[in-house]
Structures are given as structure tokens and as C-alpha cells.
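Working notes for the structure below.
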Amino acid sequence: MADELDDYLRGGSEISHQYKRDSAPAPPIELDRLVLKAAGSLQARTPFKPHSLAPLAFAASVLLSLALVLAMVFGPQVKKPDDKPQVVRVRIFKSEQPRATPASARERNPALWLHDIDALRRAGRGSEADAEMRRFRSAYPDYIIPISE
Amino acid sequence: MDLEDADAGLMLRYRDGDAAAFAALYAHYKGPLYRYLLRHARNACAAADLFQEVWSHLIATRARYEPRAKFATFLFHIAHNCAIDYFRRDLNLRRVMPAHDAEATLLEAEVPEHQRPDRVAEFVEQQSAVLAAVAALPQEQREAFLLREETGLNVEEIARITDVPVETAKSRLRYAVRKLKNSLRPMQELEALRLRTYA
């Protein structure tokens with residue numbers, strides 16, 4: 001019995017010969033694909049698939065986000081209405097002082113003043129009437145004196 | 001570690017991230033492993049499932065790999081354990097079936113196609129004489145013979161794979177060889193007679 005096993009273990013037995021002749025199946029190709037894929041050995045030979053774009057899409061998203069941030073930080077500024085009350089500087093112009101007029105002119109009505117001048121002239125006080133007329137003219141240079149009747 | 005075991009070196013490279021090293025290992029062992037599982041389980045579907053299970057286990061545990069034995073011993077020890085689990089599941093299933101004879105028809109429909117006894121018998125009948133004789137061997141003797149034929153490992157390595165003493169492994173292999181010879185002898189005598197008749 002020992003010789004029988006030793007003969008077999010030495011190799012080249014008829015049993016081994018027949019077994020190797022008749023038993024040569026290999027695993028199905030689908031099994032090869034599944035196992036190699038699980039082991040990560042098919043990465044280089046994997047056909048192009050849409051999910052291969054995932055890294056590119058991620059990079060594009062990062063770039064777009066960065067561009068938006070930069071545009072917000074360094075782009076044209078648009079002032080937002082803030083809540084603080086704003087100080088408005090306003091130049092106030094005072095109204096011009098009225099032009100100075102003689103006290104007599106400011107105090108006297110031009111018509112009444114002319115009536116007084118006429119009374120002086122009729123009373124024979126012509127020089128006083130002329131002096132008063134000069135003061136009237138200086139006070140009311142544009143006043144139209146009605147023609148005496 | 002056997003310093004001449006290049007396959008252990010490939011496995012170390014795969015452990016460290018070299019996928020090409022795995023491809024080389026797979027190309028070398030896929031045939032022997034598949035045939036071992038096919039002849040041992042005697043069922044093509046079960047063999048395919050076990051084949052995936054073995055490689056998946058190796059892939060999942062690669063980070064913990066340390067070359068304490070030949071790579072073939074390491075790989076086929078995984079295969080042995082997967083096969084043991086398969087036979088346990090199969091045995092449990094067979095134990096359940098006779099207890100429910102009244103529902104046998106119903107239960108038979110629930111048994112996976114590849115585990116049905118008639119399918120196993122068909123598988124055996126499709127083999128050549130030597131393969132049919134191998135399939136007819138007791139489970140432990142069949143495994144010892146298949147490990148020897150498919151891996152070329154010595155009896156000590158076969159004992160290590162199957163977790164038994166060396167003498168037990170040697171005994172199993174011895175009985176397997178004797179039975180195979182006895183099974184094939186009538187056919188060899190018939191062939192010799194045919195040759196003499198037509199000579």
C-alpha cells in the first residue's frame with residue numbers, strides 16, 4: 001500500500017494522466033471579469049462610461065465656485081442701503097438783504113411824497129420842492145410821475 | 001516563508017496596492033482553484049459561487065496577509081474553509097428534507113437548482129470514467145486527491161490546508177488512489193481486451 005502511494009506521489013501515474021486529460025475546465029469569462037473588477041485589476045481596461053466624467057465635473061464645479069467667490073470679492077461694488085441713518089450735508093443760503101433805501105423813502109408813500117412836493121412848489125418854496133424832488137428821484141428812480149393837470 | 005515562492009511575493013505586492021500582481025496571481029490559480037471547487041462540490045453553479053467567495057475573501061483580507069506558508073497553501077486553505085461551509089449548508093438542507101416527506105414536493109421546489117440530488121447525479125454521469133470515480137470518492141479523500149492534482153502540493157501542505165495531521169492526510173490520499181485504481185481497473189482491462197481482439 002505504501003508503495004502504491006509513493007508511486008503516485010512520484011508523479012506520472014496513470015490516474016494523474018487520465019485526470020489531467022479529462023479535467024481541464026476553466027472558470028467562465030464572466031467570473032474572471034467579476035473577480036478582477038473586485039480586485040481593482042480592471043481599472044485600466046474598463047471601457048469609457050459616463051461616470052468617468054465625475055472627476056472632471058467635480059473640478060469644473062470647484063472652478064465655477066471659485067470664480068463666483070472671486071467675482072463677489074473683487075467685482076464691481078453695488079452699495080447696499082444700510083440701516084444706519086445717513087448724514088446729508090446741505091448748504092444753507094441766507095436770503096439777500098433788501099437793498100438799502102432812504103429812511104424817508106421807506107417811510108413815505110411815493111404818491112403822498114409827490115403831493116407834498118407839489119404843495120411846496122405851489123407855496124412858492126421852489127428850492128425846497130426841487131431838493132425834495134431830487135431825494136424822491138433817488139429813492140424812486142423808476143417811478144413814473146403822472147403829468148400834472 | 002518560502003523565499004522561492006514568487007506567488008507569495010505577488011500577493012505582498014497586491015497587499016501593497018499593485019493590482020497587476022493580483023492579475024498575475026489570478027491567471028496562475030484560477031484554473032486549479034476552479035477545478036478543485038468544481039470536482040469537490042460536484043456542481044457547476046456551486047463551484048462558481050465558491051470561486052467568487054474564495055477570491056472575495058482573499059481580496060477583503062489582503063491587508064492582513066503575511067506569508068507564513070506557500071501562497072497556494074494560503075489560497076486553498078481559504079477554499080477548503082469555503083467548501084466546508086458549503087457542505088455544512090448542503091447537509092443541513094438534506095437533513096431537513098426527509099423530515100418533511102409529506103411536503104417533499106413543495107420543499108424540493110425551494111431547493112436551489114444546483115443542490116438538487118438529481119442534478120448532482122447528472123453532473124457525475126456527464127464525467128469521464130476517471131472523473132466519475134473521483135466524484136464517487138468520500139469527501140475527505142476526494143479533497144486530498146484534488147489538492148494533490150491541482151496544486152502539486154506535498155502531503156504536509158495538504159494536511160495544513162485541511163487542518164488535519166500529516167498521517168491523516170496521507171491516509172486519505174492513499175485510500176483515494178487505491179479506490180481510483182480499483183475503479184479504473186475494469187475499464188483498463190476492457191480496453192486491453194478490445195485491443196487484443198482487434199489486433
For this session: Among the residues of region B:38-96, write down those that are of a type in the set (D, E, K, R) and outside any helix (DSSP H, G or I).
Result: B:R42, B:E66, B:R68, B:K70
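Among the residues of region A:18-40, is there at least one that is at pLDDT 85 or above and in contact with a Gly (Cβ under 6 Å, 6 or more places away or on another chain)?
Going residue by residue through region A:18-40, those that are at pLDDT 85 or above are A:18-22, A:25-40.
Filter once more, keeping what is in contact with a Gly (Cβ under 6 Å, 6 or more places away or on another chain): A:26.
Yes, the conditions are met somewhere in region A:18-40.
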Problem set entry | Inter-residue pairs, beta-carbon under 7 Å, first assigned to a loop (DSSP other than H, G, I, E, B) and in region B:164-176, second of a type in the set (A, V, I, L, M, F, W, C), 6+ apart | B:P165/B:A159
For this session: State which residue pairs qualify: first residue at negative phi and inside region A:102-120, second residue assigned to a helix (DSSP H, G or I) and modelled with pLDDT of 85 or more in any location, beta carbons under 6 Å apart, and separation of 6 or more residues or different chains.
Result: A:P102/A:A139; A:A105/A:A139; A:W113/A:F136; A:I117/A:A129; A:I117/A:E132; A:I117/A:M133; A:L120/A:E128; A:L120/A:A129
Problem set entry | Criterion (facing chain A (nearest Cβ under 9 Å) and either surrounded by 14 or more Cβ atoms within 10 Å (Cβ to Cβ) or closer than 28 Å to B:Y26 by Cβ (or both)) met by exactly one of B:R178, B:R160 | B:R178
Problem set entry | Filter result for B:L50 (at the interface with another protein chain (Cβ under 10 Å from one of its Cβ atoms), surrounded by 16 or more Cβ atoms within 10 Å (Cβ to Cβ) and modelled with pLDDT of 95 or more) | no
Problem set entry | Selected residue (criterion: nearest to B:A72 (Cα to Cα)) from residues of region B:10-33 that are of a type in the set (F, W, Y) and surrounded by fewer than 23 Cβ atoms within 10 Å (Cβ to Cβ) | B:Y29
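Do we have any residue at all in region B:131-148 that's at pLDDT below 75 and not in a helix (DSSP H, G or I)?
No: region B:131-148 contains no residue that is at pLDDT below 75 and not in a helix (DSSP H, G or I).
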Exercise. Take the residues of region A:1-19 that are among the charged types (D, E, K, R) and more than 7 Å from every other protein chain (Cβ to nearest Cβ): which is farthest from B:F145 (Cα to Cα)?
Worked result: A:D3
For this session: Could you list all residues from region B:10-47 that are free of Cβ contacts under 8 Å to residues at least 24 places away in the same chain and more than 10 Å from chain A (Cβ to nearest Cβ)?
Result: B:R13, B:D16, B:H28
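The values are calculated or read from the model by the stated rules, or taken from the named source; none is laboratory data. Values in this document were obtained by computation on a predicted structure and should not be read as measured data. Note that each Cβ is placed from the backbone with ideal geometry, even for glycine, and that neighbours are counted across all protein chains shown.
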